[in-house]
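Quick notes on the structure that follows.
Each reported figure results from applying straightforward, stated rules to the coordinates on display, with no laboratory input. Values in this document were obtained by computation on a predicted structure and should not be read as measured data. Counting neighbours? That spans all protein chains shown, and the Cβs are built from the backbone with ideal geometry, glycine included.
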Amino acid sequence: MKAVVLLGPPGAGKGTVAEVLSEKGYRHVSTGDLLRAQIKEQTPLGLEAKALMEQGKFVPDNVVVGMIRDLISNTDGSANFLLDGFPRTLVQAQKLDELIASENGTIERVILLRCPDKVIVKRLSGRRSCPECGAVYHMLYNPPKNGEVCDNDATALIQRSDDKEETILNRLSVYAEQTAPLIGFYAEKGLVREVNADQSIADVRADVMEQLA
Ligand code: ADP
Ligand code: ADP
């Protein structure tokens with residue numbers, strides 16, 4: 001198996017970029033989406049994760065590592081994963097290395113989306129998502145075609161409860177403390193490719209494609 005890791009602060013545009021890459025044969029895996037699916041189904045894991053996510057805190061490493069382990073071990077060796085929102089801590093990154101090694105796989109690249117905090121706050125406060133298919137919009141920068149409903153399935157869009165300004169600021173400091181150290185971890189392995197995420201969606205997508213070529 002092969003994997004590309006999308007790294008960057010909340011709101012940098014990881015999910016938005018991942019959408020095009022899934023058209024290129026990558027299997028998009030977002031731990032945030034997997035956790036929200038558990039919350040929707042009211043599983044014990046979902047109930048544990050909900051309170052933490054609403055406060056902008058991380059769910060425990062063993063929970064997300066377990067989800068990724070299940071996924072990787074249930075997929076055939078030719079899979080091309082695009083990891084969005086995982087790993088987010090050094091422990092997760094080390095566990096990912098172990099999982100990938102046990103499947104004789106490789107991390108091909110780590111794409112780092114750089115984006116200033118000021119821009120992130122604007123992006124997250126205008127973000128809306130489809131609770132049915134997971135499509136992501138922005139009311140100003142990437143609006144749905146008809147009012148506040150999904151272009152794919154006409155479901156009413158929702159604002160995530162963790163996209164309130166106060167929680168956003170908390171998430172940014174958690175990113176700086178716990179996730180930013182992964183840049184050095186992967187830079188030492190020569191895997192990091194930086195992309196300026198403070199550009200139009202089309203330009204960010206084009207730059208990411210170039211880094212993957
Ligand atoms: P965003 O798209 O804004 O970066 P995500 O949808 O990736 O947010 O994640 C939403 C929340 O889910 C995170 O704030 C965190 O609480 C939890 N979460 C997602 N992935 C992880 C992870 N790898 N480790 C710990 N918590 C996670
Ligand atoms: P992440 O997965 O990194 O949290 P998203 O892909 O969900 O980020 O994007 C966050 C918000 O910003 C969404 O509302 C999305 O429509 C919007 N967005 C994403 N990329 C851009 C961009 N390049 N320019 C303007 N808005 C963007």
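Quick rundown of the values:
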| read-out | value |
| --- | --- |
| Rounded, prolate or oblate (a/c below 1.5 giving rounded, otherwise prolate when a/b exceeds b/c) for region 85-201 by Cα gyration tensor | prolate |
| Those chymotrypsin sites (Phe, Trp or Tyr not before Pro) in region 91-183 that DSSP places in a loop and that have at most 14 other beta carbons within 10 Å | Y141 |
| Estimated FRET transfer efficiency (K164, D97; beta-carbon r; R0 35 Å; 0.05) | 0.50 |
| Contact order normalised by residue count of region 24-173, Cα under 8 Å, 6+ apart, percent | 23 percent |
| Value of relative contact order over region 130-213, rounded to a whole percent, pairs C-alpha under 8 Å and six or more apart | 16 percent |
| Long-range amide H partners of R160 with built H, under 5 Å | S129 |
| Amide hydrogen neighbours beyond the local backbone of T155, cut-off 5 Å, H modeled | C150 |
| Exposure rule at most 12 other beta-carbon atoms within 10 Å, DSSP loop trypsin sites (Lys or Arg not before Pro): the chain longest free segment | 25-144 |
| Net charge of Cβ neighbours under 13 Å - reference A187; Lys, Arg +1; Asp, Glu -1 | +1 |
| Exposure proxy ranking, count of Cβ atoms within 10 Å, fewest first, for L140, L7 | L140, L7 |
| Diffusion constant of the chain at 20 °C, which comes from Stokes-Einstein with the Kirkwood Cα-pair radius and 1.002 mPa s, µm²/s | 122 µm²/s |
| Relative exposure of D61, D203, D84, judged by other C-beta atoms within 10 Å (fewest first) | D203, D61, D84 |
| Contour minus Cα-Cα distance for R69 and S173 (0.36 nm per residue) | 34.7 nm |
| Residues L172, L112, sorted so that the one with the fewest Cβ neighbours within 10 Å comes first | L172, L112 |
| Hz values of 3J(HN,Hα) by residue in region 93-99 - Karplus curve (6.51, -1.76, 1.60), Gly and Pro given as x | 5, 5, 5, 4, 4, 5, 4 |
| Within region 94-135: backbone nitrogen closer than 13 Å to the N146 label point (7 Å, Cα to C-beta) | none |
| Mean residue ellipticity (222 nm) of the chain, computed from DSSP H runs ≥ 4 via -39,500 (n - 2.57), nearest 500 | -13500 deg cm²/dmol |
| Over 32 Å between alpha carbons, listed pairs K40/K189; K2/K118; K50/K122 | K40/K189; K2/K118 |
